[in-house]
Amino acid sequence: MNNKIIEALKKPAVYTPSGARSQGLDISYLYQNYLEMELPQSFDFAVMIYCDYGALSADGRKNIMARVYRHLKPGGCFVLDVFSMAAYRHFRERQTWELCQSGGFWRPGEYAAFQGYYKYPENVTLDLTAVVSGKEITPYYLWNTYFTVESLAGEAENAGFKVHGVFGDIAGAPFCRESDTLSIFYKK
């Protein structure tokens, strides 16, 4: 069996293949922007993890649903995870800062990071990080949309998918309304 993985981040696409080969797995990695992918073949299964779906705009989510649907074989499956409404309720607005004298997540070398966490209507939050390094200020905007089972299922059904299962996380835990994530398994 030949497996293909489309990876949006270059680092996993570069480092993971050697691990797959060392375990005798036949996996091909494609480094592509999943919002623009056009592949010459179709697949049995697609996975979107790390709550990436909720970081997309409404148009981006509609686009990814249509692209995944188009690239799946008849009867193909798609599973994804998102932040739930419980996570939205637990989200707390706040502002923090940190000084990273030896570098850190955002860059090597000394910098200060100012972080603001903001809650908006329509089940959306913003994690804003402004990195100050020397005379440069670089903002990073991390938007997230939070979902109910019904709202997430509705977006997929509009693309033609049918809900096949609802879980508490991508690993298949039982769904609980108080879980911070939810995962839905769709069939084409």
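Each value in this text was obtained by applying a stated rule to the coordinates, not by laboratory testing. Owing to the predicted nature of the structure, the values given are computational and were not obtained by experimental measurement. Don't worry about glycine lacking a Cβ; one is built from the backbone with ideal geometry, like all the others, and counts go over all protein chains shown.
Worth pointing out:
- Take the Cα of residue 132, step 7 Å toward its Cβ, do the same at residue 52, and the gap between the two points is 3.4 nm.
- Rounded to whole Hz, the Karplus (6.51, -1.76, 1.60) HN-Hα couplings of the range 98-113, x for glycine and proline: 8, 9, 10, 6, 10, x, x, 4, 7, 5, x, x, 5, 7, 10, 10
- The modelled label-to-label distance between residue 118 and residue 39, using points 7 Å beyond Cα along the C-beta direction, is 3.7 nm.
- Count, lysine Cα pairs under 27 Å in the chain, 8 or more residues apart or across chains: 18
- Equivalent-ellipsoid semi-axes for the range 34-139 (Cα gyration tensor, √(5λ), whole Å, largest first): 35, 19, 12.
- Taken over the C-alpha atoms, the range 87-143 has Rg and Dmax values of 12.9, 39 angstrom.
- The chain: angle of helix 10-22 to the longest principal axis, Cα-based, in degrees nearest 10: 50
- Amide H contacts of residue 46 (H built 1.01 Å from N, in plane; Pro and chain starts excluded): 77, 78, 79 sit under 5 Å, all sequence-distant by 5 or more or on other chains.
- A Gaussian network model of the chain, with springs between Cα atoms under 10 Å, assigns the largest mean-square fluctuation among 90, 71, 164 to 90.
- What the Cα atoms of the range 71-188 give is an Rg and a Dmax of 18.5, 54 Å.
- FRET efficiency, 1/(1 + (r/R0)^6) with R0 41 Å, evaluated for residue 110 and residue 173 via beta carbons: 0.50
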